[in-house]
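Each remark here refers to the structure printed beneath this line.
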Amino acid sequence: MICCRPSRRALLRWSTVVAGASLLPVAGRTSARAADDVQPVNLELVTVTETTAVLTWYTGVPGTDDGLGRMQPAPSDAEVLYGTHPSRLTMTAHGPSGTPYHYVELTGLEPGRTYYYEARSRGRAAAPTWLAFGESAGTPAGDVFSFTTPQPPPGRHLFSVALCNDLHLGETVAGLVGQLPWIKGIEQVPGHPPYPEVMAKALIADARSRGASRLLAAGDVSSEAAPADLQKAKSILDTFGGLGSDYLVARGNHDRAHSGTPYASCSPGEHQGNDCFRDAFFPSGRTFFTHDLHGLRVIGLDTYDKPGNGGDSGGLSAEQQSWFESELAKEPDRPTLVFGHHPLFTENDPLAVTGTHSLDAGQSLRILAAYNRSPGVFLHHAGHTHRNQRSVFPLAPRVVQQEVGAVKEYPGGFTLLRVHTGGYALNFYKTRGSEARAWSERSRQELSGQWPQLSLGNRHTDRNTVVTRDLSGLG
């Protein structure tokens with residue numbers, strides 16, 4: 001029997017232990033006691049819109065270790081008590097029971113209101129994921145947490161676009177960051193479907209159910225550009241709609257032409273090897289493009305349009321750089337979204353020591369200067385870093401660079417761009433399928449359990465923002 005709830009400080013200490021240390025079996029604990037004991041951890045406030053919020057957490061058996069440094073999973077219930085005062089949590093929401101991978105969505109919230117909540121399993125409060133520079137579960141408010149819903153973007157809703165990246169079809173081991181020899185990778189549970197396929201299929205299902213009419217995949221759709229993996233990626237993306245109309249794809253460094261790759265079915269690349277990616281997604285030739293979406297100009301960049309082994313800086317060919325600057329100059333005031341695999345620059349990125357995580361610096365400076373001459377550009381979507389990060393650079397203060405967490409691993413999801421006549425909203429969603437939730441939680445143990453520190457987004461605004469901007473000219 002629990003006589004009282006643990007203090008917030010105790011919960012934070014427990015969360016830190018779970019996140020950073022291997023939990024070994026406790027001597028003398030019976031299997032019956034372990035099976036009946038549940039500890040809810042890894043609480044995260046993932047998404048906050050003007051009327052909804054999404055919370056996830058995990059329940060495990062204390063004193064156990066699944067071999068990856070986390071507790072053995074323990075199915076349980078999922079309950080969230082919430083309200084507009086910390087001592088009056090008068091509303092209740094539930095997620096599916098009988099699973100250790102909990103996903104609860106609060107609906108019917110009021111814009112511009114502060115809400116307080118507590119997430120529970122078997123009556124026990126869930127402890128948050130520990131983040132070095134942020135608050136994963138919201139703002140602590142005594143023994144509960146709080147968040148404030150934003151006002152919606154002004155004007156009427158026009159359309160929604162799913163922004164995603166890093167599907168890595170064909171990959172079998174996750175978390176091999178920079179090929180560092182002391183980093184242990186994580187594999188799928190034997191007998192389960194390949195995790196890139198699980199996560200890509202969940203992406204399509206959730207993007208559609210969240211109202212996306214278009215999908216932009218910003219590179220690394222494959223592990224190493226093998227034809228079978230590219231075709232698998234395309235077949236899954238094709239379930240969303242038509243290539244070039246309903247969904248658009250850009251090349252990542254993993255999709256590059258591979259030198260010496262013995263694929264007779266792939267035509268020679270411009271820079272090296274056989275360009276299987278181009279054959280799969282751009283059979284007519286050029287791998288950078290512009291696309292009209294109800295008046296919104298969408299520009300797709302090939303940020304590995306160069307020779308290389310994939311571990312260096314991204315880069316545009318001289319032809320692409322010239323084309324891009326000319327394209328912006330044609331209609332500098334037209335509302336424009338640019339997407340490509342490599343970010344222009346990466347802020348607060350400790351993994352940059354394992355390899356360059358951005359475009360060539362000189363090219364990035366030229367792009368920012370071109371953005372500053374083109375007032376219509378408002379968003380640059382990038383992947384590659386596998387994290388949620390929002391950046392605004394002084395050389396182009398009207399443009400948001402949004403890095404989005406990977407599809408294929410924790411946090412496992414996509415960002416929904418909702419375009420209104422008076423602005424736009426960006427919200428990150430984890431995918432909801434049962435296999436996807438299980439793999440997302442398993443793969444959070446990358447980097448010995450430290451991966452959430454780098455990938456979820458330490459600031460609330462790294463995952464959820466609303467921007468006021470005149471987009472009334474769009475259809």
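Structure values in brief
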{"read-out": "Cα centroid separation - region 411-475 against region 394-410, whole Å", "value": "10"}
{"read-out": "Leading residue at positive end of dipole, the chain (Cβ point charges), from Ser317, Gly449, Val41", "value": "Val41"}
{"read-out": "Per residue, in Å², the accessible surface of the chain once ligands and nucleic acids are set aside, probe 1.4 Å", "value": "38"}
{"read-out": "Helix 227-237 vs. the chain, principal-axis angle (Cα, 0 to 90°, nearest 10)", "value": "70"}
{"read-out": "Rounded to 10°, Cα long-axis angle of helix 8-20 versus longest principal axis of the chain", "value": "60"}
{"read-out": "The chain: angle of helix 361-372 to the longest principal axis, Cα-based, in degrees nearest 10", "value": "90"}
{"read-out": "List Arg113, Arg214, ordered by accessible area with a 1.4 Å probe, largest first", "value": "Arg113, Arg214"}
{"read-out": "Carbon and sulfur %, accessible surface of the chain computed with the full protein complex present, 1.4 Å", "value": "54"}
{"read-out": "Computed [θ] at 222 nm, deg cm²/dmol, the chain (DSSP H ≥ 4; -39,500 (n - 2.57); rounded to nearest 500)", "value": "-5500 deg cm²/dmol"}
{"read-out": "Cα-centred dipole magnitude for region 161-226, charges only on beta-carbon of K, R (+1) and D, E (-1), debye, nearest 20", "value": "300"}
{"read-out": "Area accessible to solvent at Cys266, 1.4 Å probe radius, in Å²", "value": "10"}
{"read-out": "For region 71-106 and region 123-168, distance of Cα centres in Å", "value": "15"}
{"read-out": "Set of aspartates and glutamates with alpha-carbon distance to Lys232 below 17 Å, sequence-local pairs under 8 removed", "value": "Asp166, Glu171, Glu197, Asp220, Glu224, Asp255, Asp275, Asp279"}
{"read-out": "Positive-pole candidate from Ala257, Ala233, Gly295, dipole of region 223-301, charges at beta carbon", "value": "Gly295"}
{"read-out": "Mean Cα-pair separation over length for the chain, i.e. relative contact order, pairs under 8 Å, 6 or more apart, %", "value": "16"}
{"read-out": "Only Lys, Arg (+1) and Asp, Glu (-1) charged, at Cβ; region 63-132 dipole about Cα centre in debye", "value": "180"}
{"read-out": "Rounded to the nearest 20 debye, dipole of the chain from Cβ charges on Lys, Arg, Asp, Glu", "value": "1200"}
{"read-out": "Cα lying deepest toward the dipole's positive end in region 196-295, options Ser223, Leu203, Ser267, charges on Cβ", "value": "Leu203"}
{"read-out": "Placed amide H near Ala78: partners under 5 Å, 5+ positions off or other chain", "value": "Gly95"}
{"read-out": "Too-long pairs where the Cα-Cα distance tops 27 Å, listed order kept, from Lys234/Lys408; Lys201/Lys306; Lys234/Lys330; Lys184/Lys430", "value": "Lys201/Lys306; Lys234/Lys330"}
{"read-out": "Pairwise label distance in nanometres, Asn348 with Glu325, each label 7 Å out on the Cα-Cβ vector", "value": "3.3"}
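The values are calculated or read from the model by the stated rules, or taken from the named source; none is laboratory data. In this text, all values refer to a predicted model and were calculated from it rather than measured experimentally. Note: ideal-geometry Cβ built from the backbone for every residue, glycine included; neighbour counts use all protein chains shown. To get the accessible areas, we keep the full protein, side chains included, count just its heavy atoms, and leave off ligands, DNA and RNA. Shrake-Rupley method; radii C 1.70, N 1.55, O 1.52, S 1.80 Å.
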